[in-house]
Amino acid sequence: MAEKVRWGILSTARIGRRVIPAIQASSNGEVVAVGSRSLERARAWADQHGIPRAYGSYEALLADADLDAIYNPLPNSMHAEWSVKCAQAGIPTLNEKPFASDAPEAQSIVDAFEERSLLLAEAFMYRFHPQHAKVKEILEAGGIGNLQIINSSFTFPVSDGANIRLSKDLAGGALMDVGCYCINLMRFITGEEPIRVTGVGRIGAQSGVDELLAGTLAFPSGVIGHFDCGLRAYGQHSYTLKGSQGMIVVPQSFVIDKSVDGSARHWGPEGFTEHTIPAVDQYQLMVEDFADALLHGRAPRFAPTDAVNNMIVVDKLLAQIH
């Protein structure tokens with residue numbers, strides 16, 4: 001393998017506008033190819049982003065022998081099919097969240113990569129922002145006493161009825177698109193899997209997907225988590241941790257611009273402290289971790305089995321509102 005991981009991008013999905021520059025700015029990766037169902041679109045995308053090679057089909061991209069890794073940002077319903085094909089082509093893959101349409105699909109992806117001893121990870125970029133490490137540091141030092149409650153929210157309004165987030169066929173919906181972050185955050189903070197989940201939601205009359213959803217998660221330690229997510233509500237993404245002796249608020253928890261400092265606001269026994277975390281590109285940190293794991297033969301920071309466990313919770317919540 002070259003000194004830098006040579007990435008191929010599987011489709012011209014909009015999220016690539018964040019991930020491609022992150023790879024190009026990374027210390028250990030470069031984007032060398034992009035594939036689309038349209039060669040014209042692939043070439044336009046390649047020209048726009050300075051990518052050397054463009055392919056007019058996904059199959060052609062996966063046949064490129066000079067690729068070390070694939071980033072898969074296809075619609076949710078296509079993650080499993082094409083990530084498994086990446087495994088069959090022998091190419092390590094960073095698969096966009098949510099990992100699949102459901103937990104069985106997610107497990108099929110993990111199995112395909114395990115069978116071939118290939119690197120696989122889920123692209124939950126927020127986990128790489130150091131503001132969350134600061135939160136865990138405060139928690140572990142007893143800065144809010146015993147953790148009792150986690151509250152998280154991720155909402156934004158979608159006005160275009162043709163948006164793929166509102167497509168039932170493409171496994172859209174608020175929980176799949178943004179609520180999965182809230183679930184992942186609670187599991188990340190507690191280090192536990194919920195033993196009980198409940199949910200209520202509103203299904204769109206035209207879309208047929210959950211456009212608003214609220215859920216609760218009960219964890220073995222006694223921590224209670226509750227969250228709301230939505231595609232029809234004013235934009236917010238934040239979380240609050242309440243302990244027996246204090247509280248932590250992260251006001252911008254998931255999508256934070258690389259030019260903006262992170263923040264963890266801490267109320268504890270010693271009073272109030274706002275911890276400012278210098279701005280970083282969390283997408284760049286994510287792709288650098290994957291490339292470093294590939295170059296040095298180690299596991300990614302977050303195991304792909306975590307993606308399956310997240311989808312199990314998603315499935316349980318969706319089963320309650322459909």
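The values are calculated or read from the model by the stated rules, or taken from the named source; none is laboratory data. This structure is a prediction, so every number in the text was calculated from the model and none was measured. Reconstructed Cβ throughout: ideal geometry from the backbone, glycine too, with neighbour counts over all protein chains shown. Ligands, DNA and RNA are excluded from the accessible area calculation, which covers all protein heavy atoms including side chains. Shrake-Rupley method; radii C 1.70, N 1.55, O 1.52, S 1.80 Å.
Key figures for this structure:
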{"item": "Index of the failed condition, GLU114 passing every other in (1) open to solvent by 10 Å² or more (accessible area, probe 1.4 Å); (2) in contact with a Ser or Thr (Cβ under 9 Å, 6 or more places away or on another chain)", "result": "(2)"}
{"item": "Complete set of residues in the stretch 70-98 that are in contact (Cβ under 8 Å) with a residue 60 or more places away in the chain, touching a Ser or Thr at 6+ places or on another chain (Cβ under 7 Å) and among the aliphatic types (A, V, I, L, M)", "result": "ILE70, LEU74"}
{"item": "Count of residues meeting criterion [touching a Leu at 6+ places or on another chain (Cβ under 9 Å), part of a loop (DSSP other than H, G, I, E, B) and not hydrophobic (A, V, I, L, M, F, W, C)] in the stretch 45-73", "result": "4"}
{"item": "Residue list for the stretch 189-206, filter: open to solvent by 40 Å² or more (accessible area, probe 1.4 Å) and hydrophobic (A, V, I, L, M, F, W, C)", "result": "ILE195, VAL200, ILE203, ALA205"}
{"item": "Leading residue by the ranking (nearest to TYR126 (Cα to Cα)) among those in the stretch 92-102 that are open to solvent by 10 Å² or more (accessible area, probe 1.4 Å) and not in a strand (DSSP E or B)", "result": "LYS97"}
{"item": "Residue tally, condition assigned to a loop (DSSP other than H, G, I, E, B) and open to solvent by 10 Å² or more (accessible area, probe 1.4 Å), over the stretch 74-90", "result": "3"}
{"item": "Unique residue being under 24 Å from ALA279 (Cα atoms) and outside any helix (DSSP H, G or I) when the list is SER159, SER152", "result": "SER152"}
{"item": "Set ARG187, ARG202: member being in a helix (DSSP H, G or I) and among the basic types (Lys, Arg)", "result": "ARG187"}
{"item": "In the stretch 272-289, the residues that are surrounded by fewer than 18 Cβ atoms within 10 Å (Cβ to Cβ) and more than 16 Å from VAL255 (Cα to Cα)", "result": "PHE272, THR273, GLU274, HIS275, THR276"}
{"item": "Residue that is over 18 Å from the mean Cα position of the chain (by Cα), surrounded by fewer than 18 Cβ atoms within 10 Å (Cβ to Cβ) and among the aliphatic types (A, V, I, L, M), where the choices are ALA303, ALA218, ALA299, ALA264", "result": "ALA218"}
{"item": "Any chance ALA33 is in contact with an Asp or Glu (Cβ under 6 Å, 6 or more places away or on another chain), closer than 19 Å to PHE124 by Cβ and either buried (at least 16 other Cβ atoms within 10 Å of the Cβ) or free of Cβ contacts under 8 Å to residues at least 40 places away in the same chain (or both)", "result": "no"}
{"item": "Criterion: within 29 Å of ARG6 (Cα to Cα) and within 16 Å of the chain's Cα centre (by Cα) - qualifying residue of ALA100, ALA112, ALA87", "result": "ALA100"}
